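Structure first, commentary second.
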Number of protein chains: 2
Amino acid sequence: MKSRAAIAWEAGAPLVIEEIDVASPQSGEVMIRMSATSVCQWDALSLMGKQQTRFPCVLGHEGAGVVVELGPNVTSLRLGDHVIPLFMPECGTCIACMSHKTNLCQALETTQPLSILQDGTSRFSLRGEPIYQHLGLGTFSEYLVVPEIALARINPKAPLSKVCLFGCTLTTGMGAVKTAQVPPGATVAVFGIGGIGLSVIQGARQAQASRIIAIDTNVNKFPLAEDFGATDCLNPHDYTDPIASIIMNRTHGGVDYAFECTGSLHMMATALACTQRGWGMAVNVGIANPDDRIAVSPALFDSGRSWHGTVFGGIRGHTQLPEYVEQYLQGAIKIDPFITHLLRLEDINLAFDLLHSGESIRSVIRFN
Amino acid sequence: MKSRAAIAWEAGAPLVIEEIDVASPQSGEVMIRMSATSVCQWDALSLMGKQQTRFPCVLGHEGAGVVVELGPNVTSLRLGDHVIPLFMPECGTCIACMSHKTNLCQALETTQPLSILQDGTSRFSLRGEPIYQHLGLGTFSEYLVVPEIALARINPKAPLSKVCLFGCTLTTGMGAVKTAQVPPGATVAVFGIGGIGLSVIQGARQAQASRIIAIDTNVNKFPLAEDFGATDCLNPHDYTDPIASIIMNRTHGGVDYAFECTGSLHMMATALACTQRGWGMAVNVGIANPDDRIAVSPALFDSGRSWHGTVFGGIRGHTQLPEYVEQYLQGAIKIDPFITHLLRLEDINLAFDLLHSGESIRSVIRFN
């Protein structure tokens, strides 16, 4: 199958649109025709060479599409199913899936980060040379082939150009609040008002948090944060004291929960420090370079705080993502305000520019 | 009241036995005649000047005694009550106590670390000059005066020269396991086989952990760890690979819970690293210098692990410590194996030497 795709030939280079070849699905795999994809910070970090991405690569991990071809031995999907690709699969049979204690399925954990499928190869190629699949997916392509365990089947009534954001942003942010079990009345700090941060804010409001403090240096994003439920918006540049102190002063000693959504190591440590002594919980949601190191005082733990992290919001793609889509259809989750730009695949480099400049929340690319 | 006491005149100096003056208890305070005290690593760190200890100081925070004088307005204690002093009080009325979410009572949080009572002074003096009270207590003295909120009343049938260890060691270690909610069948790693580590092992066995891996470089302590319930004892010096890798290999990817009981920053990071991806929990129990910094990879959180800390095992002294004493009286908690040495107050410097050389678990000093 021929497919238009945006290729990252090397770290740091602009993407190039090419017509690539997509091989037929093998055992347990399906081919998807993508309807929409969007550009997330993780794509940007990958393009910067700050992840384990293998080049040349079709980037993209947040999208939605329709099943157009089934490989042998596919049991959970049919032609025409509407699906969202999962960078965190759910095989249902590994130790992690069987434990019901985590969403960190082990089935593809050694291959997806390396931009390959389970057999070590890619279904994308150009002039006979392999093109790798970002996080084992590669949604910046009209067609792609992935294992069925890396697909969540969703309600076909849902508009794919909206719910594609459940492929990463919305699920990661709202799921993190759910996984942290934020109770009604809790106080919450959210570092970073991007797509993830706004999703955390939306989740915290849904959880009936009494106070939601959003922190960002881009004040243009404050009105949107307030629309989603932020009760306070703080710009660290407005204060001479450290922002953790400002937050602690406003909340009688600190927030109950702090979510770090920027991937900044400094903000991760700040998030821990601004939580309440005794029971404060910090949750790392943003993605950082795994080779970096966070420096924290042991006293922050001695004081009864705890530090957590989630991937994909702790949500299991097969069993829990479809519920979020239902909530969207019922009007309980807002997506429209996230989509600040609607672009063609040919304009994908603009989507990266808009992300870096802070002008966009999410640019959605529609394939048809 | 005249009282024999061991005074630390300055950081690093040997303790000196002197006859000091103990002022009468003020409002809400009581005077205790100590029966026994023991020497813990926290005393040693304080003597090294690595805590906020103010000198000259009567060290000691782990002991047991009898109420011999009541100040005005004391409501919860009577003369003759058997008590254990609390470096973590329980006032019952502060935000923390009222929350029921933490044992980190705020009543004395700004004074105890500075070796003073709530009014900023000490009841100890020598030739008219103040001698400070370690952690607001100072149990290396025959008599001492502390607020009633910093005392737990216990069953008078309990031998004070044994249950004095509930003043820190046993409660800190066993409480940490309780606070972490280790379930039956869990796998546990314990870094450091001192008094705290053995208490964690005892708590983990009581919680019916299926595997308890003890890690220490002092192999002489391995038989004792096994007596308390350790299923594996590892000496990091026996391996060329990092000890976290060894533990992960032995436990199909890591332990469910890791307790750091040495206060080493390196071991704190190791404890986090050796836990299971997806749900592993590391708990800092050992005491480190708060000015130091631990360096950890953000990837350890992204992988679903969490990091916690407890003080005094997360246990509320008034309401929960007496239950531990009852468990000891019922034979469910062992104390004897902890007490490797029984000394006189005059030999207190020997107790520090035995602790540093690793020859003792706990030296108990009996006052009568």
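Could you list, in sequence order, the residues of region A:305-332 that are under 16 Å from the mean Cα position of the chain (by Cα) and under 21 Å from A:VAL182 (Cβ atoms)?
A:GLY309, A:THR310, A:VAL311, A:PHE312, A:GLY313, A:GLY314, A:ILE315, A:ARG316, A:GLN320, A:LEU321, A:TYR324
Could you list all residues from region A:103-114 that are of a type outside the set (D, E, K, R) and in a loop (DSSP other than H, G, I, E, B)?
Selection gives A:ASN103, A:LEU104, A:CYS105, A:GLN106, A:ALA107, A:LEU108, A:THR110, A:THR111.
Among the residues that make up region B:53-62, is at least one of them among the polar types (S, T, N, Q), at pLDDT 95 or above and assigned to a loop (DSSP other than H, G, I, E, B)?
No, that holds for no residue.
Starting from residues that are within 9 Å of chain A (Cβ to nearest Cβ) and either over 15 Å from A:SER303 (Cβ atoms) or touching a residue at least 12 places away in the same chain (Cβ under 8 Å) (or both), keep the ones in region B:103-118 and report whichever is surrounded by the most Cβ atoms within 10 Å (Cβ to Cβ).
Once the filter is applied, the top-ranked residue is B:ASN103.
Looking only at residues in region A:115-160 that are polar (S, T, N, Q) and not in a loop (DSSP other than H, G, I, E, B), which one is nearest to A:GLU69 (Cα to Cα)?
This residue is A:SER141.
Determine which member of the set A:GLY120, A:GLY63 is under 22 Å from A:ARG4 (Cα atoms) and of a type in the set (Gly, Ala, Ser).
A:GLY63
Got a sec? Which strands (runs of 3 or more DSSP E) wholly within region B:274-346 have at least 3 residues that are within 14 Å of chain A (Cβ to nearest Cβ)?
Those strands (runs of 3 or more DSSP E) span B:281-284, B:294-296, B:306-309.
If you go through region B:181-204 one residue at a time, do you hit one that is of a type outside the set (A, V, I, L, M), surrounded by fewer than 23 Cβ atoms within 10 Å (Cβ to Cβ) and closer than 14 Å to B:ILE315 by Cβ?
yes
Specify which of the listed residues (B:GLY128, B:GLY138) is on the phi > 0 side of the Ramachandran plot and in contact (Cβ under 8 Å) with a residue 12 or more places away in the chain.
Sole residue among the options that is on the phi > 0 side of the Ramachandran plot and in contact (Cβ under 8 Å) with a residue 12 or more places away in the chain: B:GLY138.
Which residue, of B:SER24, B:SER46, is away from chain A (no Cβ under 14 Å), of a type in the set (Ser, Thr, Tyr), part of a helix (DSSP H, G or I) and touching a residue at least 60 places away in the same chain (Cβ under 8 Å)?
Only one candidate qualifies: B:SER46.
Residues to consider are A:ILE193, A:ILE201, A:ILE215, A:ILE247; find the one that is more than 14 Å from chain B (Cβ to nearest Cβ) and under 25 Å from B:THR102 (Cα atoms).
The conditions single out A:ILE247.
Within region B:54-76, count every residue that is crowded, with 24+ Cβ neighbours inside 10 Å and more than 19 Å from B:LYS162 (Cα to Cα).
Count: 3.
Suppose we filter A:HIS266, A:HIS252 for residues that are outside any loop (DSSP other than H, G, I, E, B) and either at pLDDT 95 or above or within 14 Å of chain B (Cβ to nearest Cβ) (or both); which single one remains?
So the residue among A:HIS266, A:HIS252 that is outside any loop (DSSP other than H, G, I, E, B) and either at pLDDT 95 or above or within 14 Å of chain B (Cβ to nearest Cβ) (or both) is A:HIS266.
Quick check on my filter: what residues within region A:27-43 are closer than 28 Å to A:GLY173 by Cβ and part of a loop (DSSP other than H, G, I, E, B)?
Scanning region A:27-43 gives A:VAL39, A:CYS40.
Does A:PRO159 meet the test of being surrounded by fewer than 19 Cβ atoms within 10 Å (Cβ to Cβ), more than 21 Å from the chain's Cα centre (by Cα), at negative phi and of a type outside the set (Lys, Arg)?
no
Could you grab me the full set of residues in region B:310-330 that are more than 23 Å from B:GLY92 (Cβ to Cβ) and buried (at least 19 other Cβ atoms within 10 Å of the Cβ)?
B:TYR328
Looking at A:SER76, A:SER115, can you tell me which residue is more than 28 Å from A:GLY286 (Cα to Cα) and either at pLDDT below 95 or small (Gly, Ala, Ser) (or both)?
Result of the check over A:SER76, A:SER115: A:SER76.
Which pairs turn up if I take residues in region A:56-71 that are at positive phi and look for partners that are assigned to a strand (DSSP E or B) with beta carbon separation below 6 Å, at least 6 apart in sequence or on another chain?
Here the result reads A:GLY60/A:THR37, each pair linking region A:56-71 to a residue that is assigned to a strand (DSSP E or B).
List the residue pairs whose Cβ atoms are under 7 Å apart, where the first residue sits in region B:340-368 and is without any contact (Cβ under 8 Å) to a residue 60 or more places away in the chain, the second is assigned to a loop (DSSP other than H, G, I, E, B) and crowded, with 16+ Cβ neighbours inside 10 Å, and the two are 6 or more positions apart or on different chains.
Cβ pairs passing all conditions: B:THR340/B:SER360; B:THR340/B:ILE361; B:HIS341/B:SER360; B:LEU354/B:SER360.
Suppose we keep only residues that are of a type outside the set (A, V, I, L, M, F, W, C) and buried (at least 23 other Cβ atoms within 10 Å of the Cβ) within region A:279-297. Which one would you say is nearest to A:LEU198 (Cα to Cα)?
It comes out as A:GLY286.
Can you tell me which of A:ALA5, A:ALA13 is in contact with a strand residue (DSSP E or B) (Cβ under 9 Å, 6 or more places away or on another chain) and closer than 21 Å to A:LEU114 by Cβ?
Unique residue meeting the criteria: A:ALA5.
Among A:THR121, A:THR110, which is the only one that is among the polar types (S, T, N, Q) and at pLDDT below 95?
After ruling out the rest, the residue left standing is A:THR110.
Would you check if there is a residue in region A:45-56 being over 19 Å from A:LEU321 (Cβ atoms), in contact with an Asp or Glu (Cβ under 8 Å, 6 or more places away or on another chain) and of a type in the set (Ser, Thr, Tyr)?
Checked against the condition, which is being over 19 Å from A:LEU321 (Cβ atoms), in contact with an Asp or Glu (Cβ under 8 Å, 6 or more places away or on another chain) and of a type in the set (Ser, Thr, Tyr), region A:45-56 yields no hits at all.
Which of the numbered conditions does B:GLU260 fail, given that it passes all the others? Conditions: (1) closer than 27 Å to B:ILE84 by Cβ; (2) of a type in the set (D, E, K, R); (3) surrounded by fewer than 16 Cβ atoms within 10 Å (Cβ to Cβ).
(3) is the only condition that B:GLU260 fails.
Looking at this structure, is B:GLU19 part of a strand (DSSP E or B), charged (D, E, K, R) and either at positive phi or touching a residue at least 12 places away in the same chain (Cβ under 8 Å) (or both)?
yes
Residue under question is A:ALA244, and the condition is that it be in contact with a helix residue (DSSP H, G or I) (Cβ under 6 Å, 6 or more places away or on another chain) and of a type in the set (Gly, Ala, Ser); does it hold?
Criteria met by A:ALA244.
Mind listing whichever residues of region B:84-102 are away from chain A (no Cβ under 14 Å), among the β-branched types (Val, Ile, Thr) and part of a loop (DSSP other than H, G, I, E, B)?
B:THR93
Just to be sure before I move on: is B:LEU350 more than 13 Å from every other protein chain (Cβ to nearest Cβ) and either within 19 Å of the chain's Cα centre (by Cα) or not in a helix (DSSP H, G or I) (or both) in the structure I sent?
Answer is no for this residue.
Looking only at region A:142-160, decide whether some residue is touching a helix residue (DSSP H, G or I) at 6+ places or on another chain (Cβ under 8 Å), β-branched (Val, Ile, Thr) and under 24 Å from A:LEU234 (Cβ atoms).
no
List, please: which pairs have Cβ atoms under 6 Å, are six or more places apart or on different chains, and start with a residue in region B:216-238 that is among the β-branched types (Val, Ile, Thr) and end with one that is assigned to a helix (DSSP H, G or I)?
B:THR217/B:HIS237
The values are calculated or read from the model by the stated rules, or taken from the named source; none is laboratory data. Quick caveat: nothing in here was measured; it's all calculated off a predicted structure. We place every Cβ from the backbone using ideal geometry, glycine too, and count neighbours over all the protein chains shown.
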